[in-house]
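Student: Structure below; questions to follow.
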Amino acid sequence: MDEGHQRAASGDPAASARAQGRIDPISVTVHASAEEACAAVAAEVVDLLAAKPDAALGLATGSTMIGVYRALVGALEARGVGLGRSRTFNLDEYLGLPTESSESFRAFMDRHLFGPARMRDEQVFFPASPGAEPGGHSVRSARAFEAAIEEAGGLDLQLLGLGGNGHIAFNEPGSRPDSRTREVELAARTRADALSAFGDLGQVPRRAVTMGVGTILEARRIRVVALGEHKAEVVARLMAGVDGAELPASYLAGHPDVRLHVDAAAASRLATA
Ligand code: GLP
């Protein structure tokens, strides 16, 4: 039995993928800590902005991004780089929340990045407004969002988190690789994951608007961040080469410049070799 098969037999998902002739789909950097992972991603965004101050950035929400934005705000200040000429495009937004809800992704971005980095309303784009009603999101506004990305010259860098069920943005299992910005229904697992923020499952929105997988894949560079033990399983599935609609993040494997940044806890179910 060769080394790959021995590892596969011991339940190592990456080795199992190699043994079956599949390659690790995405380059991964394992950091000693979550802080290091966030700092590495933030440094890359600042490098991009230093070279291209009018860069178009694709932004994500979720608890993972809190540390990334904290590191980004610090690194921008430390290096004297600003976001003033950039345009930002958020991946997704819930539908059916009260306009002033503190749980909207717009409110999240205001708290963690737009406020601290003193960004202006006209720089920031979302695929829907907080408070928009489910079913009310027209194809026309989805197209307008995509047109705004195009007008900005396309996304230079897209930040992504990983849903526990392998979703990217709100492209849930079953999403097509060529999907575009659209209204979607949230998976039960996704709504359960959001419970702690809303306190009561009845308050968790059922629908959202999300950038499509196809839209995301058009970004020139994609950086995915997954932190903590609770992401170890989905990271292992992704790196084991599970592919197709059941794990939408696996569609990233075909992208020419994608990297996954994880901390040791999120990497704990990966091979070390
Ligand atoms: C939501 C967002 C995703 C994000 C995910 C992970 O579902 N729509 O874009 O990747 O949350 O969130 P967290 O970072 O809190 O684990």
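Student: Could you work out which residue, out of PRO116, PRO177, PRO25, moves most in a Gaussian network model of the chain, that is, has the largest mean-square fluctuation with Cα springs under 10 Å?
Tutor: PRO116
Student: A follow-up question, please. If r is the Cβ-Cβ distance from ASP178 to ARG206 and R0 is 22 Å, what FRET efficiency results, to the nearest 0.05?
Tutor: Calculated value: 0.35.
Student: Also, I was wondering about something else. Can you tell me the length gained on complete extension of the stretch HIS230 to ILE66, counting 0.36 nm per residue apart and subtracting the Cα distance?
Tutor: 57.4 nm
Student: Once phi is turned into ³J(HN,Hα) by the Karplus curve 6.51 cos²θ - 1.76 cosθ + 1.60 with θ = phi - 60°, what whole-Hz value does each residue of the stretch 73-90 show in order, with x for glycine and proline?
Tutor: Karplus values, whole Hz, x for Gly and Pro: 4, x, 5, 4, 5, 4, 9, x, 10, x, 9, x, 9, 7, 10, 10, 10, 7.
Student: Round to the nearest 0.05 the FRET efficiency obtained for THR29 and ALA197 when R0 = 25 Å and r is the Cβ-Cβ distance.
Tutor: The formula returns an efficiency of 0.35 here.
Student: Out of every Cα-Cα pair in the chain, what percent are more than 22 Å apart?
Tutor: Of the Cα pairs, 56 percent sit more than 22 Å apart.
Student: OK, next. How big is the charge dipole of the stretch 111-256 about its Cα centre, in debye rounded to the nearest 20, if each Lys and Arg gets +1 on its Cβ and each Asp and Glu gets -1 on its Cβ?
Tutor: 160 debye
Student: What whole-number value in Å² describes the accessible area per residue of the stretch 162-268 for a 1.4 Å probe?
Tutor: Result: 39 Å² per residue.
Student: Return, for the Cα atoms of the stretch 167-273, the radius of gyration and Dmax in Å, separated by a comma.
Tutor: In order Rg, Dmax, the Cα atoms of the stretch 167-273 give 14.5, 45 Å.
Student: With θ set to phi - 60°, apply the Karplus curve 6.51 cos²θ - 1.76 cosθ + 1.60 along the stretch 233-238 and write out the HN-Hα couplings as whole Hz, x wherever there is a Gly or Pro.
Tutor: Couplings: 5, 5, 5, 5, 4, 4 Hz.
Student: Taking amide H positions as placed 1.01 Å from N in the peptide plane, with prolines and chain starts having none, which residues 5 or more places from GLU93, or on another chain, fall under 5 Å of its amide H?
Tutor: Hits under the 5 Å cutoff: VAL209.
Student: Output wanted: per-residue J couplings in Hz (rounded whole) for the stretch 239-254, from phi through Karplus 6.51 cos²θ - 1.76 cosθ + 1.60, θ = phi - 60°, x for Gly and Pro.
Tutor: 6, 7, x, 4, 9, x, 4, 6, 9, x, 4, 5, 4, 5, 4, x
Student: Given a 1.4 Å probe and every protein chain left where it sits, what share in percent of the accessible area of the chain is carbon and sulfur?
Tutor: On the chain, the fraction of accessible area on carbon and sulfur atoms equals 50 percent.
Student: Just SER33, SER138, SER104 to compare: in a GNM of the chain, with alpha carbon springs under 10 Å, which one fluctuates most?
Tutor: Per the Cα network of the chain with a 10 Å cutoff, SER138 tops the list.
Student: Amide H neighbours of GLN158 under 5 Å, at least 5 residues apart or on other chains, H built in the peptide plane: list them.
Tutor: Amide H to amide H, under 5 Å and 5 or more residues apart or across chains, GLN158 pairs with GLY58, ARG221, ILE222, ARG223.
Student: Divide by every residue of the chain the summed helix terms, -39500 (n - 2.57) for each DSSP H run of at least 4, and state the resulting mean residue ellipticity at 222 nm, rounded to the nearest 500 deg cm²/dmol.
Tutor: After summing the helix terms and dividing by the residues of the chain, the value is -9500 deg cm²/dmol.
Student: Given labels modelled 7 Å from the Cα in the Cβ direction, how far is it in nm from ASP243 to GLU185?
Tutor: 2.9 nm
Student: Okay, next question. For the stretch 56-102, take N as its residue count and report Rg(C-alpha) divided by 2.2 N^0.38 Å.
Tutor: In units of the 2.2 N^0.38 Å rule of thumb, it is 1.39.
Student: Calculate, for the stretch 37-88, the solvent-accessible area per residue in square angstrom, rolling a 1.4 angstrom probe over the heavy atoms of the protein chains. Kindly include the intermediate steps, with their values, before the conclusion.
Tutor: Numbers: 1930 Å² over 52 residues.
Ligands and nucleic acids excluded, the figure is 37 Å² per residue.
The values are calculated or read from the model by the stated rules, or taken from the named source; none is laboratory data. Note that the structure is predicted; figures quoted are calculated from it, not measured. Please note: Cβ atoms are built from the backbone with ideal geometry, for glycine as well, and neighbour counts cover all protein chains shown. The protein model used for the area step is the full one, side chains on, heavy atoms only, and it has no ligands, DNA or RNA in it. Shrake-Rupley method; radii C 1.70, N 1.55, O 1.52, S 1.80 Å.
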